[in-house]
Amino acid sequence: MTSRRVADTALCFTTPRKLPRASELHGRVVVLDIAFAAEAGGSRHGFEQGTLRFIEALGERLVCWVDHHDSSHHARFASDPRFHLARKAEHGACPEMITPELVAETPRADTLVCHGDFDGLCAAAKWLRGGREPYPGCDDDARAVDTCIGEPSPLGRRLERALRARSRDHGLFAEIVAFLADGARDEAALCRFDAVAAALEPLEREAERLARGYRVLGPDLCLVEVPPGTPSYDKTYLLLLGQRLRLMAAVVDGDTATFAAPFDSGVDFLARFALSGGMPTRVSVRRADLPGALAALGLAGATAPPAGAPAPHDP
């Protein structure tokens, strides 16, 4: 587990399926933008063995958990005042759930555990600022980025592109949280982020190349399989390119199949795939579960058409 420090608070960047050991976290802990794990990745990473075990191991050291992803397990914590849980339809992003009143009523955190994406980093910075936005419109930017509806501000776009370029760089995450916690005023830091963001362009070009391989499996779904050895690419962009062809897009890469649909589409993959939690409009399942997922979408027996089968048009 890698931790960083900003404003005398330890930061831990993680995902729902790669939670840190509670024993590695210092003092009182606040968790931000971390969904309750679903069972798509198998029981070892599901709610009981993942999220619940983490919560129980923290015990009273867990002082607040704020999240906006759907989960059938939210009801377990409805009477626990430490948990502030919503559905994605209620709050498109986590930062808008963090208020000065919430931060003030919560015991001071020694460690913030947050998701390492734009939404999660903005939430961490807002918490460090006592519930105040890092810059005017930051909450709106987080919502636009997390829902893919609307356009973030020029500043939000610059930060979001840097994060997509280095989506696993915890050092970059900490730099961006520090930049935001300081009120987003450091021009030298912003120039560094712009330099990082430049590396996104070849990832987008590779996604565009891969998108030419999308194949239509049904009236509402297209799918692309990423060949082994493919250079790095921007999966979010590849999924968005697929959604230009059909309502739902799927990317199969290695052992994972990721499905996505527009935030306002009404599609709920959690319900269709009988999963307990996550984002209704973006879900990853094991490759072995792909036939069942396709069947749940009304495409029983469907397979990707052979290479060269026609697509409606190139993205």
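All of L299, L275, L270 fail the test of being in a loop (DSSP other than H, G, I, E, B), buried (at least 21 other Cβ atoms within 10 Å of the Cβ) and modelled with pLDDT under 95, apart from L275.
Flag set for A184, criterion: of a type in the set (A, V, I, L, M) and on the phi > 0 side of the Ramachandran plot.
Which ones in the stretch 120-132 are charged (D, E, K, R) and surrounded by 24 or more Cβ atoms within 10 Å (Cβ to Cβ)?
K126
Of the helices (runs of 4 or more DSSP H) lying entirely inside the stretch 136-186, those containing at least 1 residues that are more than 20 Å from R4 (Cα to Cα) are 138-147, 154-165.
Looking only at the stretch 136-154, which residues are out of contact with any Pro (no Cβ under 8 Å at 6 or more places or on another chain) and surrounded by fewer than 17 Cβ atoms within 10 Å (Cβ to Cβ)? Result: P136, G137, G150, E151, S153, P154. Per the listing A89, A104, A10, A22, the residue uniquely among the aliphatic types (A, V, I, L, M), modelled with pLDDT of 95 or more and exposed (fewer than 15 other Cβ atoms within 10 Å of the Cβ) is A104.
Taken residue by residue, the stretch 73-80 has at least one member that is surrounded by 14 or more Cβ atoms within 10 Å (Cβ to Cβ) and either of a type in the set (V, I, T) or farther than 22 Å from F273 by Cα (or both). For the stretch 202-227, the tally of residues that are assigned to a loop (DSSP other than H, G, I, E, B) and in contact (Cβ under 8 Å) with a residue 12 or more places away in the chain stands at 5. Here are some residues: T258, T281. Which one is closer than 15 Å to L223 by Cβ and surrounded by 17 or more Cβ atoms within 10 Å (Cβ to Cβ)? Being closer than 15 Å to L223 by Cβ and surrounded by 17 or more Cβ atoms within 10 Å (Cβ to Cβ) holds for just one of T258, T281, which is T258.
Quick one: what pairs do we get from the stretch 117-146, first residue more than 15 Å from C12 (Cα to Cα), second surrounded by fewer than 24 Cβ atoms within 10 Å (Cβ to Cβ) and of a type in the set (F, W, Y), C-beta under 9 Å, 6+ apart or different chains? That search, which allows pairs on different chains as well, returns P134/F179; D141/Y135; D146/F263.
Which is over 23 Å from A250 (Cβ atoms), charged (D, E, K, R), under 22 Å from the mean Cα position of the chain (by Cα) and surrounded by 16 or more Cβ atoms within 10 Å (Cβ to Cβ), of D169, D194, D182? Explain how you work it out, then say what you get.
Working: D194 fails: surrounded by 16 or more Cβ atoms within 10 Å (Cβ to Cβ); D182 fails: under 22 Å from the mean Cα position of the chain (by Cα).
Just a single option satisfies the conditions, and that option is D169.
The values are calculated or read from the model by the stated rules, or taken from the named source; none is laboratory data. In this text the structure is predicted, and so the values were computed from the model without any measurement. When we count neighbours, we look across all protein chains shown, and the Cβ atoms used for this are built from the backbone with ideal geometry, even at glycine.
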